[in-house]
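Peer 1: Below you'll find the structure I mean.
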Amino acid sequence: MLKFKVVKTLLLKIASWGIPENASEQTAEQTRLVNIISLLGVPLCTNYALLFTATALYPLSILFVLGIVVFILPLFLNKWFGLAVGRYFISIMAPVFFMAASIASGKDSGFYLGFLVISIPPVIIFPKVKTGLLFVFTTVVFLILSIIGNVNVQPLAIIPFPMSMGIYLFNLFTVLATSLLVVIIFKTELEESKNLIQERNKEIIDSINYAKKIQYTLLANEELLNNNLPEHFVLFQPKDIVSGDFYWAIHIQHESRDLFYLAVCDSTGHGVPGAFMSLLNISFLNEAITERNIFEPHRVLEHTRKRLIESISNEGQQDGFDGILICFEKTINSATPVKLTYAAANNAPILLSRDVINELSCDKMPVGKGPKTSHFGLFELNYQKGDVLYLYTDGYADQFGGPKGKKLKYKTLNELLKSNCREDAKSQKIKLQNYFNNWKGKLEQVDDVCLIGIKL
């Protein structure tokens, strides 16, 4: 067992010869593969160099001594000139050597069988499949040339029949054993790459899950919503682990007014980039109200737009969000809102009043850099008791699915809201979520989904 470990350590050390200290993991693995595959030819050439020397077949002996040089040289080429030179050298010189060995020793020796082994490595040692296949084709060309040479060229030395048969059988065994070894090396390389990818993927997923925890601490929590909103539901279904969509809320008291703000927004992008944008957007919304004492929803959006342009739009990016910011205003210690005002950027609230769908006003511009940067409007929401207000992003309506794989669209969504608006909040959420998942079916979710319903 100890000897095996020593041999293994020695082989790994030899295989790692020529790897630069600053080499990437991929370059290091490719270099090891080139070294290992090259060294497979050394024992074969050494064996035949000794055999042909012992039997006084010196021309063949010299040829196989040159073969030893051919198969050792890639290790030094990798070290001196880089991996590219080493793998190109072995991919060209290995077929050349086996062609020479086959022609020099005659067809009965079976050295052409070596082409079966050397046709596999180019696919392994070159990162691009096309390059590997090109050298496989080159190997086939040299095989054809060796067959032609066996027919038309006199061997350098005549190997007696019993010896040539033994060499043929040994070569056949060597081809089978070496092919098996190459397959094992290839499979080991795949396993190591797979394990490395899985490990890195786990690290990335763990990091994103931690980012999710951070993002969710900044979203409106259930207690805050329950304390400040009448009957309501929140349907929040990110496309990925983290989301560009967000719903944010804050409750403050200013002078004699009790103010509760609720935002439903769709940041530029989704996944990790969208989540970063959502955190930035939330911070600027919060800054406007808590630090700058800006209380009108339209002015809050204008401040947020200004801060976004200052922070991230200097190089032409049009990042920001579409969304709705609504303010429930009431007098302190009063349970009933005095008025509801809102500002909306590229996203209109939906009010269902007596089974009539009302798409409320909004400004056709984003919160961020865009072709239009005029003032946002401040809108007052007039409603009757029992009306239902819906705030949503575009993810639900943009989902592909159904029997024909088409978009769900806003018309279908609004009709769905209308058909369920008399249900309690919990039932509405369940039905909307089930409808969305059934519509999507096995198709990929195209965007984050955020939908809030409030019974006024």
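The values are calculated or read from the model by the stated rules, or taken from the named source; none is laboratory data. Small disclaimer: the values here were computed from a predicted structure and weren't measured. In this analysis, Cβ positions are derived from the backbone assuming ideal geometry, glycine residues included, and neighbour counts consider all displayed protein chains.
Peer 1: Filter segment 343-381 down to residues that are modelled with pLDDT of 90 or more, in a strand (DSSP E or B) and within 39 Å of the chain's Cα centre (by Cα), then give me how many there are.
Peer 2: The number of residues fulfilling the criteria is 7.
Peer 1: Which one of the conditions (1) among the basic types (Lys, Arg); (2) outside the structural domain of residue 59 (by TED's automatic domain parsing); (3) outside any loop (DSSP other than H, G, I, E, B) does residue 194 fail to meet, given that it meets all the rest?
Peer 2: So residue 194 meets the others, but not (2).
Peer 1: Among the residues of segment 382-415, which ones are farther than 23 Å from residue 262 by Cα and in a helix (DSSP H, G or I)?
Peer 2: 411, 412, 415
Peer 1: Are there any pairs, at least 6 apart or on different chains, whose C-beta atoms fall under 6 Å, with the first in segment 116-136 and surrounded by 14 or more Cβ atoms within 10 Å (Cβ to Cβ) and the second outside any helix (DSSP H, G or I), and if so, which?
Peer 2: 132/126; 136/119
Peer 1: Checking the condition modelled with pLDDT of 80 or more and farther than 21 Å from residue 40 by Cβ, which residue from 92, 103, 158 passes?
Peer 2: The unique qualifying residue is 103.
Peer 1: If you go through segment 162-174 one residue at a time, do you hit one that is within 28 Å of the chain's Cα centre (by Cα), in a helix (DSSP H, G or I) and of a type in the set (Ser, Thr, Tyr)?
Peer 2: Checked segment 162-174: no residue is within 28 Å of the chain's Cα centre (by Cα), in a helix (DSSP H, G or I) and of a type in the set (Ser, Thr, Tyr).
Peer 1: Residue 378: more than 20 Å from residue 326 (Cβ to Cβ) and among the hydrophobic types (A, V, I, L, M, F, W, C), yes or no?
Peer 2: no
Peer 1: Check whether at least one residue in segment 347-368 is crowded, with 18+ Cβ neighbours inside 10 Å, in contact with a His (Cβ under 9 Å, 6 or more places away or on another chain) and either among the charged types (D, E, K, R) or not assigned by TED's automatic domain parsing to the domain that holds residue 238 (or both), and report yes or no.
Peer 2: yes
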